[in-house]
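Everything on this sheet refers to the single structure shown next.
Throughout, read-outs are computed from the coordinates displayed, never taken from laboratory work. No experiment lies behind these values; they were computed from the predicted model shown. Positions of Cβ are backbone-derived with ideal geometry, glycine not excepted, and every protein chain shown enters the neighbour counts.
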Amino acid sequence: MGQDARARGYEKVILVGWSGGGSLSLFYQAEAEAQSITATPAGDAVDLTQAGLEPADGVIFIAAHLSRAETLTEWLDPSVTDELDPDRRELAFDIYDNACLHQPPYTDEFVQRFRAAQIARNRKITECCRERLDTLRRRGTSEVERCFVVHRTMCDVRWLDPSIDPNGRRPGWCYLGDPRAVNTSPAGLGRYSSLRSWLSQWSYDLSNAKGPKNTARIRRTPVLQVEKSGGRRRARLPQSDDPLGPCDRRQGICWVRRRDALLSEPTRPVAAMYRRSAGLEPPQGADRRVNGSNAAYGSRYAAQRSGCIACTGADAPMREAPVQNGPETVDLDRR
């Protein structure tokens with residue numbers, strides 16, 4: 001791709017990943033910079049170290065979540081106790097059941113147990129996939145794969161409690177509609193899968209395409225993050241103590257922040273995109289509740305006026321965005 005673009009006269013190649021493509025773009029770039037993968041999570045030989053992957057000159061992470069594996073895990077209904085019978089559920093985690101004792105606003109303690117139960121369910125499915133693949137391999141027949149249904153995959157406390165990762169979204173709603181209905185609909189996220197597809201795309205522990213993990217591997221390329229707002233197409237520009245400022249070419253990071261009610265990650269990608277390898281810690285509270293709209297983790301959102309390669313080119317001068325005396329709301333569509 002990069003070789004073809006440069007052969008056509010393009011000086012720079014920018015890799016853009018939207019939604020689920022965000023983490024896949026980071027995965028590609030990380031692997032292109034430092035090849036390491038020689039097999040799939042299912043154990044099938046796929047040697048990317050010999051694939052000749054060419055790094056892009058910049059990566060844009062736009063309206064994207066951390067990864068399919070992490071997003072699905074945060075949407076898995078943890079009340080399901082039997083993968084073959086979704087009617088068998090634990091009422092304590094069945095937040096769409098009016099009889100559930102836990103109702104919004106949820107306590108931090110309940111959310112922690114809810115998240116732990118979601119991860120446990122993902123790991124249970126992962127273990128089943130690995131066991132079935134091992135069984136098929138031992139048999140040595142022409143049957144090498146199986147498909148299955150993952151029930152109830154649209155269940156997140158954030159859809160009922162807008163105080164968790166607040167971003168102005170409508171409570172009791174998700175990007176597919178009423179989450180109570182979508183949770184059991186045929187069109188739910190990750191509803192149908194194969195054994196290998198689960199391990200590569202959806203496994204919380206085994207997927208190679210997890211955004212935070214691959215971001216830490218990208219050391220030579222600027223990354224621009226864009227977050228979208230929930231229908232208003234606006235961004236807030238508060239004063240901030242972010243260590244990176246609007247753009248820091250020394251670390252190769254540039255930001256545009258927009259909040260999105262349609263995706264599952266209104267705040268965590270911000271923390272995920274911080275370069276921990278450079279000794280920079282994510283903003284306090286970025287993993288869970290934040291204080292106010294986004295002042296607890298905000299930066300001076302002005303990448304359009306900064307000088308990273310993704311915005312203006314590698315040789316552009318570094319330009320600091322003015323610090324706002326107070327929060328400013330701007331319409332990015334008019335810029």
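Here is how the numbers come out for the structure above:
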item	result
Which of 28, 175 has the fewest Cβ neighbours within 10 Å, and the rest in rising order	175, 28
Under 5 Å, built H, 5+ apart or other chain: amide partners of residue 60	15, 16, 17, 224
Cβ-based net charge around residue 185, under 14 Å, with every Lys or Arg adding one and every Asp or Glu removing one	+1
Check: region 69-202 dipole with +1 on Lys, Arg Cβ and -1 on Asp, Glu Cβ, in debye	500 debye
Karplus-derived HN-Hα couplings along region 210-218 (A = 6.51, B = -1.76, C = 1.60, θ = phi - 60°), whole Hz, x at Gly and Pro	7, x, x, 4, 6, 4, 5, 8, 7
Least to most buried among 75, 173 (fewest other Cβ within 10 Å first)	173, 75
Cα gyration tensor category, rounded, prolate or oblate, for region 30-121 with a/c compared to 1.5	prolate
Net charge over other residues, Cβ less than 11 angstrom from the Cβ of residue 135 (K, R count +1; D, E count -1)	+3
Summed residue charge, Cβ within 15 Å of residue 145's Cβ, Lys/Arg positive, Asp/Glu negative	+3
Cα centroid of region 100-156 to Cα centroid of region 174-217, whole Å	10 Å
